[in-house]
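Before any comments, here is the structure.
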Ligand SMILES: [Zn+2]
């Protein structure tokens, strides 16, 4: 399977929350987009792995994904080990994505930043011919990091998701087990009512940076080339 875009994330719902609008935008542009979750989220405080897998299937359908897969690595136990990197690298060879979205390489949750780090190394390993992996070597052309979980970070670029915001919210709301109405857990598990405001205010914050209503932030390690300085988007003044 040749994917145009593959989002690799630690837990089911990470892709929806951090770059769901961008994923939907690419699907609606006609690209083949897949999501690879590294863990089933079984160690999360709320919802079993089975329930989260049903929720994830519904969210995938909402976003129009060509593929959703789960590697079954240990939740709250992602680590920089060769076995995990080779498993991810095998998926990259199988799916042959042109662009890979990874979680930003730093942050609060160890699974998130570890997924970003081992995901990057897996993209490298997938291109090495002599490793014990099936299929032809493949490396993605582009790796971009979804940085919404680290909102203080200045993004390299922001994707305008204004027309896709409602669908993103709908995909997030498929994960009903992750929302709570208990006041003491509101910081990590917002209520349904609070979710719209929370997702909306972050998307609005990044949208403002590029002069649109809603946006999602990304970071790249490399510099982006510009050919035409006359038609560059985003007003300076
Ligand atoms: Zn997560």
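The values are calculated or read from the model by the stated rules, or taken from the named source; none is laboratory data. The model shown is predicted, which means the values in this text are computed figures rather than measured ones. Heads up, the Cβs are rebuilt from the backbone with ideal geometry, glycines too, and the neighbour counts pull from every protein chain shown.
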- Exactly one condition in (1) more than 22 Å from residue 88 (Cα to Cα); (2) modelled with pLDDT of 95 or more is not met by residue 47; state its number. (2)
- Query: Of everything in the stretch 1-15 that's in a loop (DSSP other than H, G, I, E, B) and within 10 Å of residue 33 (Cα to Cα), which residue is nearest to the ligand (Cβ to nearest atom)?
  - Reply: 3
- Query: Name the pairs whose Cβ atoms lie under 6 Å apart, with the first residue in the stretch 68-96 and free of Cβ contacts under 8 Å to residues at least 12 places away in the same chain, the second outside any helix (DSSP H, G or I) and crowded, with 17+ Cβ neighbours inside 10 Å, and 6 or more positions between them or separate chains?
  - Reply: none
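Collect the residues in the stretch 63-103 that are within 12 Å of the ligand (Cβ to nearest atom) and out of contact with any helix residue (DSSP H, G or I) (no Cβ under 6 Å at 6 or more places or on another chain), keeping them in residue-number order.
Residues satisfying the conditions are 75, 76.
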- The residue that is surrounded by the fewest Cβ atoms within 10 Å (Cβ to Cβ), considering only those in the stretch 16-44 that are in contact (Cβ under 8 Å) with a residue 40 or more places away in the chain and either under 13 Å from residue 175 (Cβ atoms) or within 12 Å of the ligand (Cβ to nearest atom) (or both), is 44
- All-but-one check, residue 94 against (1) under 19 Å from residue 145 (Cα atoms); (2) not in a strand (DSSP E or B), failing number (1)
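Could you please find all residues in the stretch 118-147 being within 16 Å of the ligand (Cβ to nearest atom), touching a strand residue (DSSP E or B) at 6+ places or on another chain (Cβ under 6 Å) and not in a strand (DSSP E or B)? Spell out the reasoning first.
From the stretch 118-147, those within 16 Å of the ligand (Cβ to nearest atom) are 118-119, 145-147; that's our starting set.
With touching a strand residue (DSSP E or B) at 6+ places or on another chain (Cβ under 6 Å) added as a condition, the list becomes 119, 145-147.
Listed by number, the residues that qualify are 119, 147.
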